[in-house]
């Protein structure tokens, strides 16, 4: 289920929610785990210019069977078009798991979080296909 809150030419904001089922096959000595949960999300985009945009995607995953076992994921980035077919995107991704992970040899539980800085080229095939379709329709008329 999704709700689009802002659809302006500069700012886009949407919220979404849903149900999840997670089935983890863990390595020994940890037992496998499965549970029902949910997902709450937020997506935001700020079109800085015709070729550049700032994006944020935030997701919260509650566990319905154990409320202390929730997860959070965030992806923040900036993307700019290099040409009509290529874009350059840099983003920061952060993942957090609240439930402590217990190592068999650890004296006390440790929390787990992952973060990464990502960069790369992205092919803008969908927008190029739309432009090609629009030009073929215009030239046929």
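Read-outs throughout are calculated quantities, based only on the coordinates presented, and are distinct from any laboratory measurement. Because the structure is predicted, anything quoted here is derived from the model rather than measured.
Over the range 14-68, the reciprocal of the mean inverse Cα-Cα separation, the Kirkwood hydrodynamic radius, stands at 13.8 Å.
Relative contact order, whole percent, for the range 1-50 stands at 38, derived from Cα pairs under 8 Å and 6 or more residues apart.
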